[in-house]
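Engineer: One structure, pasted below without further comment.
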Amino acid sequence: MTPTDMFSFANMTAMPMWILMILLPKWKVTRFLIDFKIIPILLSIVYVNYIFRAIQIGGGMDFGSLASVMQLFTKEHAVLAGWVHYLAFDLIVGMWILDQNQELRIHQLLIVLCLFTTFMFGPVGFLLFMILKAIKQKKS
């Protein structure tokens, strides 16, 4: 499978999970996938494969400066690994938000907003959820 094919596969693996979390967060299939982290585990396997390929092709990875990270992200396998890293970790954050909300009971429309912003902008959705969580806990 080419890196381009794997990019498409990773995206098409993550997207249905986001749709389930947004539209059917309490459905037993969604809860199973969240509880056992099936999709993030699958994406992690893809990540390990491509991070090792990037190391084999390009040698060690230097994260010590912005310039070295920019250089690293000119390599196809490293960029793919980085993208899959984002997909997996954003999903884990989204799953955590849903898990946290089982106790908090923040209105579902606000949770959808948190999930959507986590999907699109990662840390922005996490920050939004943390603000809503703090407000909800302050009211309690």
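Engineer: Surrounded by fewer than 17 Cβ atoms within 10 Å (Cβ to Cβ), in a helix (DSSP H, G or I), without any contact (Cβ under 8 Å) to a residue 12 or more places away in the chain and of a type in the set (Asp, Glu): which single residue out of 62, 99, 5 fits that description? So that I can check it myself, show each step before the final result.
Structural biologist: Values: 62 fails: in a helix (DSSP H, G or I); 99 fails: without any contact (Cβ under 8 Å) to a residue 12 or more places away in the chain.
Of 62, 99, 5, the one residue that is surrounded by fewer than 17 Cβ atoms within 10 Å (Cβ to Cβ), in a helix (DSSP H, G or I), without any contact (Cβ under 8 Å) to a residue 12 or more places away in the chain and of a type in the set (Asp, Glu) is 5.
Engineer: Suppose we filter segment 17-40 for residues that are of a type in the set (A, V, I, L, M, F, W, C), open to solvent by less than 80 Å² (accessible area, probe 1.4 Å) and over 15 Å from residue 112 (Cβ atoms); how many remain?
Structural biologist: Qualifying residue count for the region: 5.
Engineer: Step by step: first the residues of segment 41-56, then only those that are within 15 Å of residue 84 (Cα to Cα) and aliphatic (A, V, I, L, M), then the one that is surrounded by the fewest Cβ atoms within 10 Å (Cβ to Cβ). Which residue is that? Walk me through how you get there before you give the answer.
Structural biologist: Here is the first cut: in segment 41-56, the ones within 15 Å of residue 84 (Cα to Cα) are 41-54.
From what is left, the residues that are aliphatic (A, V, I, L, M) are 41-43, 45-46, 48, 51, 54.
Working: 41: 10, 42: 17, 43: 25, 45: 12, 46: 22, 48: 12, 51: 18, 54: 20.
By that ranking, first place goes to 41.
Engineer: So for segment 128-139 (the condition being within 16 Å of the chain's Cα centre (by Cα) and either farther than 30 Å from residue 63 by Cα or surrounded by fewer than 17 Cβ atoms within 10 Å (Cβ to Cβ) (or both)), does at least one residue qualify?
Structural biologist: No, segment 128-139 contains no residue that is within 16 Å of the chain's Cα centre (by Cα) and either farther than 30 Å from residue 63 by Cα or surrounded by fewer than 17 Cβ atoms within 10 Å (Cβ to Cβ) (or both).
The values are calculated or read from the model by the stated rules, or taken from the named source; none is laboratory data. Since this is a predicted model, take the numbers as computed values, not measurements. FYI the Cβ positions are ideal-geometry reconstructions off the backbone, even for glycines, and counts take in every protein chain you see. To get the accessible areas, we keep the full protein, side chains included, count just its heavy atoms, and leave off ligands, DNA and RNA. Shrake-Rupley method; radii C 1.70, N 1.55, O 1.52, S 1.80 Å.
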